[in-house]
Structures are given as C-alpha cells and as structure tokens.
Amino acid sequence: MRESPVKIDLEQLIIQYKPVVSFKVKKALGGGNPEWEDIVNEILMQAIEKIKSGEFRGESSVGTFIYTITSRRIVDYIRQKTRVLKEIPEVQALPDPHDQVERDERAEQLAQAIRKLKPKFRDVLYLYYYKELSREEVAREMGISPARVSERVNYAQKLLKKMLGK
C-alpha cells in the first residue's frame, strides 16, 4: 500500500461529510428505506479506502470526490433493486371461491344437458372434445364422413346453447 500524496484528517472527513452523504442518500432512496444507513457507511468506508490507497490524488476537492462516490453508489443500489424486482415473479391473486362454485355449477349444467342429447350427438362430442380425436378419426370410429362429424358437432353445440339458455 502506498501512502496518499494528499494528507487528510479522516476523522474530520467523517464528521464533516457524513451528514451531507446521509442527506443525499436519504433523499434519493427515501428515509423509510431500512438500508440507507448501511449505504452511507459503505460510501464513507469506500472514500477512506480510496484516500488511503492513493486513488484520491487531490485533483478535485474531497467533497467532489465523496459526492461522486455517493452518486455512483446510489445508482448501483437502485439498479440492483430494479434487477431484483424484475426477477421476482408477480404474485398471483388467490382464486375467488365463488368463481370456482360458479364454474362447477356450469359444468354440472353442461353435463346434464349433454346427457339429454341423442346418442349420435353425445358420442360425437365425446370423441371430438373429450378424447380429442380429429374429425377424420371420429368419422372412422363412428362410420360416417368427416363432413357429417362437423355437422353433428355444430348441431350439438347449438342444441346445448339452446338448452342452457345462452
């Protein structure tokens, strides 16, 4: 470690600049931020280390030197917090129990309406939607044309809408 070419009373530096640095950090981050005091101490320690190591050569005032360190540390802190906030997944709202009850009721109404359909419509819906077969696969399974599958699916949907009143 080389000696600093500039002689500075470090105790006096802390006494003089801690209130200024504290004010700037609190103003930038908010006095309610629980980390502001730690950041002030980091800034002052960093300034002292740089002065002791000779990084501060006296080309500017000590105040300007500390102000620069303070500004950079505040920006670094804000960037770090912003990055952390971007990485935190957004909290999903809990599902409304009423919504689930309504979905269950609609599902039961739909199931009852499907049971009332003629077997040819009920079967085509079962194969097409529940088994997720293609029109061609349903047609082979039921022994009808793919066009007839489409007709039955569309007609069954119309019947269901009419039964459910929608």
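The values are calculated or read from the model by the stated rules, or taken from the named source; none is laboratory data. Computed from a predicted model, the values in this text were never measured in an experiment. No Cβ is skipped: glycine too gets one built from the backbone with ideal geometry, and neighbour counts run over all protein chains shown.
Could you list, ordered by first residue, the pairs with Cβ atoms under 9 Å in which the first is in the stretch 49-64 and without any contact (Cβ under 8 Å) to a residue 60 or more places away in the chain and assigned by TED's automatic domain parsing to the domain that holds ILE14 and the second is among the charged types (D, E, K, R) and assigned to a loop (DSSP other than H, G, I, E, B), at least 6 apart or interchain?
Within 9 Å, the pairs are GLU49/GLU55; LYS52/GLU3; SER53/ARG2; GLY54/ARG2; GLY54/GLU3.
Are any of the residues in the stretch 78-96 surrounded by 10 or more Cβ atoms within 10 Å (Cβ to Cβ) and touching a residue at least 24 places away in the same chain (Cβ under 8 Å)?
Yes; the residues of the stretch 78-96 include at least one that is surrounded by 10 or more Cβ atoms within 10 Å (Cβ to Cβ) and touching a residue at least 24 places away in the same chain (Cβ under 8 Å).
Residue check, ARG73 against (1) exposed (fewer than 14 other Cβ atoms within 10 Å of the Cβ); (2) out of contact with any Phe, Trp or Tyr (no Cβ under 9 Å at 6 or more places or on another chain); (3) assigned to a helix (DSSP H, G or I), all met but one. Which one?
Result: ARG73 passes all but (1).
Of the residues ASP123, ASP104, ASP99, which single one is part of a helix (DSSP H, G or I), touching an Asp or Glu at 6+ places or on another chain (Cβ under 9 Å) and more than 30 Å from ASN41 (Cα to Cα)? So that I can check it myself, show each step before the final result.
Numbers: ASP104 fails: touching an Asp or Glu at 6+ places or on another chain (Cβ under 9 Å); ASP99 fails: touching an Asp or Glu at 6+ places or on another chain (Cβ under 9 Å).
So the residue among ASP123, ASP104, ASP99 that is part of a helix (DSSP H, G or I), touching an Asp or Glu at 6+ places or on another chain (Cβ under 9 Å) and more than 30 Å from ASN41 (Cα to Cα) is ASP123.
Sort out which residues of the stretch 126-149 are farther than 25 Å from ALA113 by Cβ and part of a loop (DSSP other than H, G, I, E, B), and write them in order of number.
GLY143, SER145
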